[in-house]
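Here it is, the structure in full.
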Amino acid sequence: MNAGKNRAAATPSLLIKGGQLIDPAARIDAPMDVLLKDGRVAEVAAPGQIKGSADETFDARGLVVAPGFIDLHVHLREPGQTHKETIASGTAAAAAGGFTSVCTMPNTIPVVDSVEWIEWLRQPEREALVNVFGIAAATMGSKGVALTDFRALQTAGAIAVTDDGKPILDDAIMREALVLGGELNFPVVQHAEDTRLTEGCSMHAGAQSFRLGLRGMTAAAEASIIERDVVLAMQIPNARLHVAHLSTADALKSVRRAKRAKARVTMEVTPHHFVLTDEDMRDYDSNYKMNPPLRSASDLEALLVALADGTVDAIATDHAPHAAHEKDMEFERAAFGITGLETALALGITRLHREKHIPLSRIVELFTAGPARCFDLRGRGSLARGSVADVTIFDPKKKWTFEAAKSHSKSKNTPFDGWQMTGKVRATIVGGKIVYAD
Amino acid sequence: MNPARGSLLGIEGLEASEILKLLKFARSMNPDKPRRLLKGKRVLLLFYESSTRTRSSFEIAAKSLGAHTVLIQAVGSSIEKGESLLDTGYTVRAVGADIIVIRHPNAGAPHVMARHIDVPIINAGDGLHEHPSQALLDAFTILRNKKTLKGLQVTIVGDIFHSRVARSACHLLSKFGAKITLCGPPELVPDIAITLAPGIRGTRHMEDGLRGADVVMLLRVQKERLAGLRIDLSEYVARYQMNTARLKMAKKDAIVMHPGPIIRGLELTSEVADGPQARILEEVRNGVPTRMAILARAMGKMR
């Protein structure tokens, strides 16, 4: 019904004037005006050069105009766990964070392992405010035993497969997934954790976990899985491996090797892994508990290098909402995960740009062209003429304080409550329509 | 919310001066000469794990000060029905608890409780993390036998990794300049253990660990944990059991301590457990005045 109405009342054309266009895919970092029409980018031209009129104008003076941000890794919790998040609330948070597209993980109740559920995710009744791309389970029920129907899922619109929340542990199953994925040009996303080594663990294994009396996940439990997967990806023709939330220096070495060998291996890093370390957790605050856990300072340093030098393909939030009663409890029993959609850009600008002097255009790339490439999101990740009219407009200099209580997400489990940060989203435009404005 | 004044969550966060005050106050406590400092107060003992020494000792300490005590154990309470830690905390607060003493299998459980409940929380052992009242009674015991903690050579033998007693002891002894040696196999004494506090070293050999020791602290061997780590019990006994011959490697006047429960024939022989250098039962005795001091401090009665 909604879709029908939208077709009837066409989105008005929108001229974005006076902004600094940063479109890394098109190698543009210059003052440019952008005209959006009929859900597409109609024209990109030097300031004042776009002829003809638009229905509406957006004054972007002092602001950066970028392709719409893409988050490869969010948990919208639907179907099944609507007390944590819904597609409506999660995409509202995404819009407020500047994301025009989010890829939602299948570890829901039930697991999204069928065509029916992939289609369900995109029904208008879900009231998504931004584009939602479904990632399907790689194995039935994410039990790690039998592969799902990759071909049917891909045809139904799934953009990748994963058993996220859990690894695809079995060697034979992982090989089979990469072989089939290679034939279909379908990325297999790995949550790299050798769960045989991490039972009962709630944080990174190191001095801090020893001091706190918490069992720690070793870096090796991540790195060993990545190493195996990289070896497989280098052997299997056309295999596409995407490493989710990579967090350790050792795992990074494997990915670098794969990339040098021109294997089709991509990777993402979360904001919390480039901002916080295991030493930051205080008083058993489970807002610092996530999986993979906050790592050591040297792991963080290695991630910063890889973010700067192009090894990292995407910043992804791993937005993982949980209700208060699932977090405010014994640290070891509390749920893993933190929210992240509304703080990602500001953490990127504050930590990577202002403190580490990584150019703004590289940060924009990590939110746009990079993730679009990982999952082949055609027409997205760039504002070249003819692209989908998904645009993120932000003020790279605006200082602001994040207040979890005011988050659009249903859940408030974040370690960044009360943080002062730089860089604020001003408008989020999906298909030519402004869905968020500040 | 900050923990209520008088809470005792761990040794790590305590100032050395505060520890000294507590120990001095403990010396003025005597369960045989009750002082009704906590007259009419209610001490809730919330035990999520089994305990003999700690529980009875806190209970006697509280009663010696004139307080009422209520014991709640996981088995036989609403905890069994799935009540959350915080809801149990709110409930015991609502029935009128003035102090909550909590033992819990998860590290940090008392800290979570202290964030939400506005009465003093006393940590009676949280997972692998800390056991502050044990460290205090051990310091109390050491100071009854040795002049000072400064420069004292303390060797802790055994399963440091799984021991909250060891962590609390290390923090306390380090604050007073003791020289601490952790002795055991890598599975039980990981290299990272020496980063816990200043003045800690590690060794794999008893000969090395015991040389010059003034105090030898033994820890219980937890058979099920050794199995998980694939450590051979007989090998452990051969390498690390405290026997009369090994004890001779320490200083002549060295004392032997153990937080209990002891397993004879495993971490120590009966000759050592019952020998003249053992202070194991003295530790238990000293637990009562130490915990009287902890409870009185919790109610602002430490003078």
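Looking for whichever is surrounded by 24 or more Cβ atoms within 10 Å (Cβ to Cβ) and within 14 Å of chain B (Cβ to nearest Cβ) here; the options are A:Glu342, A:Glu330. Which one fits?
Numbers: A:Glu342 fails: within 14 Å of chain B (Cβ to nearest Cβ).
Matching residue, one of A:Glu342, A:Glu330: A:Glu330.
So is A:Glu301 out of contact with any Gly (no Cβ under 7 Å at 6 or more places or on another chain), within 14 Å of another protein chain (Cβ to nearest Cβ) and not basic (Lys, Arg) or not?
No, not satisfied.
Sort out for me the strands (runs of 3 or more DSSP E) sitting completely within region A:25-77 that have 3 or more residues that are more than 22 Å from A:Leu129 (Cα to Cα).
Strands (runs of 3 or more DSSP E) meeting the threshold: A:28-37, A:40-45.
Within region B:149-157, identify whether any single residue is without any contact (Cβ under 8 Å) to a residue 12 or more places away in the chain and either touching a helix residue (DSSP H, G or I) at 6+ places or on another chain (Cβ under 9 Å) or of a type in the set (S, T, N, Q) (or both), and answer yes or no. If you could, list the steps in order and put the result at the bottom.
Within region B:149-157, the subset without any contact (Cβ under 8 Å) to a residue 12 or more places away in the chain is none.
Looking through region B:149-157, none of the residues is without any contact (Cβ under 8 Å) to a residue 12 or more places away in the chain and either touching a helix residue (DSSP H, G or I) at 6+ places or on another chain (Cβ under 9 Å) or of a type in the set (S, T, N, Q) (or both).
Go through region A:395-433 and count every residue that is more than 21 Å from the chain's Cα centre (by Cα) and under 21 Å from A:Val132 (Cβ atoms).
Matching residues across region A:395-433 total 2.
Kindly indicate the residue of region A:151-207 that is acidic (Asp, Glu) and surrounded by 17 or more Cβ atoms within 10 Å (Cβ to Cβ) and also nearest to the other protein chains (Cβ to nearest Cβ) among those meeting that condition.
A:Asp194
Residue by residue, here is whether (1) under 23 Å from the mean Cα position of the chain (by Cα); (2) without any contact (Cβ under 8 Å) to a residue 60 or more places away in the chain; (3) under 23 Å from A:Ile173 (Cβ atoms) holds:
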position	(1), (2), (3)
A:Gly206	no, no, no
A:His242	yes, no, yes
A:Asp250	yes, yes, no
A:Ile315	yes, yes, no
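So the check is Cβ under 7 Å with 6+ separation or different chains; which pairs have a first residue in region B:16-36 that's in a loop (DSSP other than H, G, I, E, B) and a second one that's hydroxyl-bearing (Ser, Thr, Tyr)?
Final answer for the pair search is B:Pro31/B:Ser64; B:Pro34/B:Ser64.
Does B:Gly177 fit the bill of being within 23 Å of B:Ile11 (Cα to Cα), assigned to a loop (DSSP other than H, G, I, E, B) and more than 13 Å from chain A (Cβ to nearest Cβ)?
It is true that B:Gly177 is within 23 Å of B:Ile11 (Cα to Cα), assigned to a loop (DSSP other than H, G, I, E, B) and more than 13 Å from chain A (Cβ to nearest Cβ).
So, in region B:126-185, how many residues would count as being among the aromatic types (Phe, Trp, Tyr) and in contact with a Cys (Cβ under 9 Å, 6 or more places away or on another chain)?
Residues flagged as among the aromatic types (Phe, Trp, Tyr) and in contact with a Cys (Cβ under 9 Å, 6 or more places away or on another chain) within region B:126-185 amount to 0.
When the residues of region A:251-270 are filtered to those that are closer than 12 Å to A:Val312 by Cα and touching a Leu at 6+ places or on another chain (Cβ under 8 Å), which remaining residue is surrounded by the most Cβ atoms within 10 Å (Cβ to Cβ)?
A:Met267
Given the conditions (1) of a type in the set (S, T, N, Q); (2) buried (at least 22 other Cβ atoms within 10 Å of the Cβ); (3) within 20 Å of A:Val269 (Cα to Cα), which single one is not true for A:Ser387?
(3)
Tally up the residues in region B:67-100 that are under 22 Å from B:Ser56 (Cβ atoms) and not aliphatic (A, V, I, L, M), please.
Final tally of qualifying residues: 7.
Moving to a separate point now. Kindly indicate the residue of region B:195-216 that is of a type in the set (A, V, I, L, M) and under 16 Å from B:Glu130 (Cα atoms) and also nearest to the other protein chains (Cβ to nearest Cβ) among those meeting that condition.
Filtering region B:195-216 for residues of a type in the set (A, V, I, L, M) gives B:196-197, B:200, B:206, B:210, B:213, B:215-216.
Filter once more, so that each one left must be under 16 Å from B:Glu130 (Cα atoms): B:196-197.
Working: B:Leu196: 6, B:Ala197: 9 Å.
Of everything passing the filter in region B:195-216, B:Leu196 is nearest to the other protein chains (Cβ to nearest Cβ).
Taking B:Ala166, is it outside any strand (DSSP E or B) and surrounded by 24 or more Cβ atoms within 10 Å (Cβ to Cβ)?
yes
Oh, and also: Kindly check whether there is at least one residue in region B:41-54 that is part of a helix (DSSP H, G or I) and either within 23 Å of the chain's Cα centre (by Cα) or in the same structural domain as B:Met292 (by TED's automatic domain parsing) (or both).
The answer is yes, given that some residue of region B:41-54 is part of a helix (DSSP H, G or I) and either within 23 Å of the chain's Cα centre (by Cα) or in the same structural domain as B:Met292 (by TED's automatic domain parsing) (or both).
Hey, another quick one. If you go through region A:191-205 one residue at a time, do you hit one that is under 30 Å from B:Pro105 (Cα atoms) and outside any loop (DSSP other than H, G, I, E, B)?
yes
With respect to A:Pro321, determine if the residue is over 28 Å from B:Arg103 (Cβ atoms), more than 14 Å from chain B (Cβ to nearest Cβ) and not in a helix (DSSP H, G or I).
Considered against the rule, which asks whether it is over 28 Å from B:Arg103 (Cβ atoms), more than 14 Å from chain B (Cβ to nearest Cβ) and not in a helix (DSSP H, G or I), A:Pro321 comes out as yes.
Just for region A:390-421: of the residues that are β-branched (Val, Ile, Thr) and surrounded by 18 or more Cβ atoms within 10 Å (Cβ to Cβ), which one is nearest to A:Asn287 (Cα to Cα)?
A:Thr414
Looking at B:His116, B:His171, B:His131, can you tell me which residue is within 14 Å of chain A (Cβ to nearest Cβ), under 13 Å from B:Pro259 (Cβ atoms) and in contact with a helix residue (DSSP H, G or I) (Cβ under 8 Å, 6 or more places away or on another chain)?
One residue alone meets the criteria, B:His131.
Could you check how many residues of region A:326-384 are of a type in the set (A, V, I, L, M) and not in a helix (DSSP H, G or I)? Give the derivation first.
Start the filter on region A:326-384 by keeping residues that are of a type in the set (A, V, I, L, M), which leaves A:329, A:334-335, A:338, A:341, A:344-347, A:349, A:352, A:358, A:360, A:363-364, A:366, A:369, A:372, A:377, A:383-384.
Filter once more, keeping what is not in a helix (DSSP H, G or I): A:329, A:334-335, A:338, A:341, A:358, A:377, A:383-384.
Going through region A:326-384 one residue at a time, the tally reaches 9.
Can you tell me which of (1) within 14 Å of another protein chain (Cβ to nearest Cβ); (2) more than 24 Å from B:Gly6 (Cβ to Cβ) is the one B:Arg144 doesn't meet?
Unmet for B:Arg144, out of (1) within 14 Å of another protein chain (Cβ to nearest Cβ); (2) more than 24 Å from B:Gly6 (Cβ to Cβ): (1).
Among all residue pairs at least 6 apart or on different chains, which show Cβ distances below 8 Å where the first residue, located in region A:210-231, is within 14 Å of chain B (Cβ to nearest Cβ) and within 15 Å of A:Gly200 (Cα to Cα) and the second is assigned to a helix (DSSP H, G or I) and basic (Lys, Arg)?
A:Gly213/B:Arg164; A:Gly213/B:Arg167
So which residues in region A:293-319 are surrounded by fewer than 18 Cβ atoms within 10 Å (Cβ to Cβ) and either in contact with a Ser or Thr (Cβ under 7 Å, 6 or more places away or on another chain) or at positive phi (or both), if there are any at all?
A:Ala297, A:Gly310
Just need a number here: residues in region A:259-298 that are part of a loop (DSSP other than H, G, I, E, B), of a type in the set (A, V, I, L, M, F, W, C) and within 14 Å of chain B (Cβ to nearest Cβ). Please lay out each step first, then the result.
Our first condition is that a residue be part of a loop (DSSP other than H, G, I, E, B); within region A:259-298, this holds for A:261-263, A:270, A:276-277, A:281-285, A:289-296.
Next cut, of a type in the set (A, V, I, L, M, F, W, C) only: A:261, A:263, A:276, A:281, A:290, A:294.
If we keep only those that are within 14 Å of chain B (Cβ to nearest Cβ) as well, we get A:281.
The qualifying residues number 1.
Sticking with this structure for a sec: Scan region B:119-128 for residues that are in a loop (DSSP other than H, G, I, E, B) and more than 10 Å from every other protein chain (Cβ to nearest Cβ) and jot them down.
Residues satisfying the conditions are B:Val119, B:Pro120.
What number goes with the only condition from (1) assigned by TED's automatic domain parsing to the domain that holds A:Asp59; (2) at positive phi that A:Gly381 does not pass?
Going through (1) assigned by TED's automatic domain parsing to the domain that holds A:Asp59; (2) at positive phi one by one, A:Gly381 breaks only (1).
Would you mind telling me which numbered condition in (1) away from chain A (no Cβ under 11 Å); (2) in contact (Cβ under 8 Å) with a residue 40 or more places away in the chain; (3) more than 28 Å from B:Arg36 (Cβ to Cβ) B:Ala109 fails?
(1)
Which residues, counting only those in region B:69-100, are in a strand (DSSP E or B) and free of Cβ contacts under 8 Å to residues at least 60 places away in the same chain?
Hits for region B:69-100 are B:Thr69, B:Val70, B:Leu71, B:Ile72, B:Gln73, B:Ile100.
Return the residue satisfying two criteria in turn: it lies in region B:193-227 and is more than 24 Å from the chain's Cα centre (by Cα) and part of a helix (DSSP H, G or I), and of such residues it is nearest to B:Lys175 (Cα to Cα).
Checking each candidate, the answer is B:Asp208.
The values are calculated or read from the model by the stated rules, or taken from the named source; none is laboratory data. What you are looking at is a predicted structure, and each value in this text was computed from that prediction instead of being measured. Neighbour counts run over all protein chains shown; Cβ positions are idealised from the backbone, glycine included.
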